[in-house]
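The structure appears right after this line, and notes come after that.
Coordinate-derived values only; no laboratory data. Here the structure is a predicted model, which means the values were calculated and not measured. Cβ placement follows ideal geometry from the backbone for every residue including glycine, while neighbour counts extend to all protein chains displayed.
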């Protein structure tokens, strides 16, 4: 059957963050005629999230999407990173593109907004907010999903792209595959915006205190605010703090109260940051976790992005890269019967790419967020030495940057 005569193939993408809309964009550029629904549990596009970076192959994909200039325009303006001592003085500094601050830094909400703008007016893409999948049933021919409202719909392919705490993952992959896949690394992080002061520079400021406490600020493109972060790190992966876990269940106000309990006397600009937190309307707190799965696909269903392989440092890059590869493999189908093979082929192609960046730095995050004053002094001494000698420039390039970008036969703008 010629691709031009294919029936319209229906795809459901659960999650309107980064991987989902990116996949929708590239599916719209394939020769097979895909009808794409992007389903988002939130009633509106999410306007919160930390600063994220784009590296490696994802930069080339952004360029192919003609979004490079928009990403730069909406960048955070961050010029580098300054590590602070207990007294608040800079003990180590790293420039843009060196280690911490990437050449492409953007707020998560801004990148999501760019992907939404690039797809929401495409004729074969529709967004549905305020709903979610409660169950799915798969056959050799299709996947039937049941929505929260009780209605049902059939699709040729269902993609779970709803983040590290994905709900649909349990409907796609069986319990044995998912066993121990969500790995809490012993860190709680809160993100929010606070008013900018005239003394604020365009740097990421990173301050630590004993007992795994850290306060950070990062610049925004918006000249009236900066991003603020509180990090509470336990001594080991898998450890939980009962009081914080209870606050996470109760909601933002309880979470702000528990942050005050731990950070009121943390030093540096704790008072300013916590005062700003109390007034912030974009506060968000979460657990830091890795997701490690031995398998991402199941017939006509697949998990993508953080739902499949949440990681650190290159999570956004992997989300963009994986969406491109999945769409590329789906671009080759000639009938609905080919979808299962295309999905399996996606995992064959992308898993070796992902494997290069699978593991974070050994001992992270505990090694970067010490529990004791002595540990902080050791870490600070090492960072001072590395920054002064520029020893980090001797390290090999990010492994993901060395991953070749597969080429696929995309259609022109007229199709969109």
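In the chain, the longest principal axis of the Cα atoms and the axis of helix 19-28 are about 30 degrees apart. Once you treat every alpha carbon in the range 56-215 as an equal point and sum by Debye, what is log10 I(q)/I(0) at q = 0.10 Å⁻¹? So the normalised log intensities are -0.64. Need the C-alpha centroid separation for the range 311-371 versus the range 267-292, integer Å. Result: 29 Å between the Cα centres.
Taken over the range 216-340, the alpha-carbon convex hull comes to 175 cubic angstrom per residue.
The simple Förster model, with R0 at 51 Å and r as the Cβ-Cβ distance, assigns residue 85 and residue 334 a FRET efficiency of 0.25.
In the chain, what percentage of the DSSP-assigned beta bridges are antiparallel, given to the nearest 5? Each step should come with its number before you reach the end.
Values: 49 of 71 bridges.
Taking every DSSP beta bridge with both residues in the chain, the antiparallel ones total about 70 percent.
Annotation: peptides 323-329, 53-59, ranked by per-residue average of other Cβ atoms within 10 Å with the highest first, follow the order 323-329, 53-59.
Please give the FRET efficiency for residue 250 paired with residue 154, using the beta carbon to beta carbon distance and R0 = 45 Å, rounded to the nearest 0.05. All intermediate terms of the calculation are to be shown ahead of the outcome.
Numbers: r = 39 Å, r/R0 = 0.87.
Computed FRET efficiency for residue 250 and residue 154 comes out at 0.70.
Taking each residue as 0.36 nm, the span from residue 137 to residue 60 lengthens on full extension beyond its C-alpha to C-alpha distance by 24.0 nm. The alpha carbons of the range 325-366 stretch over 49, 13, 12 Å along the principal axes, in descending order. Quick one: grab the alpha carbon gyration tensor of the range 1-129, order the square roots of its eigenvalues as a ≥ b ≥ c, and give me rounded if a/c is under 1.5, else prolate or oblate depending on whether a/b is larger than b/c. Prolate, since a/c reaches 1.5 and a/b exceeds b/c.
Is the C-alpha gyration tensor of the range 294-344 telling us rounded, prolate or oblate? Criteria: a/c under 1.5 is rounded; beyond that, a/b larger than b/c is prolate, otherwise oblate. Please report the intermediate quantities before stating the final value.
Values: a/c = 4.08, a/b = 1.85, b/c = 2.21.
Cα axes put the range 294-344 in the oblate bin.
Once every DSSP H run of n ≥ 4 in the chain is given -39500 (n - 2.57) and the sum is divided by its residues, what mean residue ellipticity at 222 nm do you get, rounded to the nearest 500 deg cm²/dmol? Display every interim value, and only then the final one.
Numbers: 13 runs with 129 residues, N = 416.
Calculated at 222 nm, the ellipticity per residue is -9000 deg cm²/dmol.
Going by alpha carbons, how many degrees (0 to 90, nearest 10) lie between the helix axis of 339-355 and the longest principal axis of the chain? Rounded to the nearest ten degrees, it is 20.
Over the range 8-99, calculate the relative contact order: mean separation of alpha carbon pairs under 8 Å at least 6 apart, over the residue count, as a percent.
Numbers: 74 pairs, mean separation 17.8, N = 92.
Here the relative contact order equals 19 percent.
Taking 10 °C and 1.306 mPa s as conditions, the range 136-187 diffuses translationally at an estimated 124 µm²/s according to Stokes-Einstein applied to its Kirkwood radius (Cα pairs).
Taking only alpha carbon atoms, the chain gives an Rg to Rh ratio of 0.98, where Rh is the Kirkwood radius. Going by a ≥ b ≥ c, the root eigenvalues of the Cα gyration tensor, does the range 77-134 fall in the rounded group (a/c under 1.5), the prolate group (a/b larger than b/c) or the oblate group? It comes out prolate by the Cα gyration axes.
Against the longest alpha carbon principal axis of the chain, how many degrees, from 0 to 90 and to the nearest 10, is the axis of helix 270-279 turned? Taking the Cα atoms of the chain, the angle to 270-279 is about 40 degrees.
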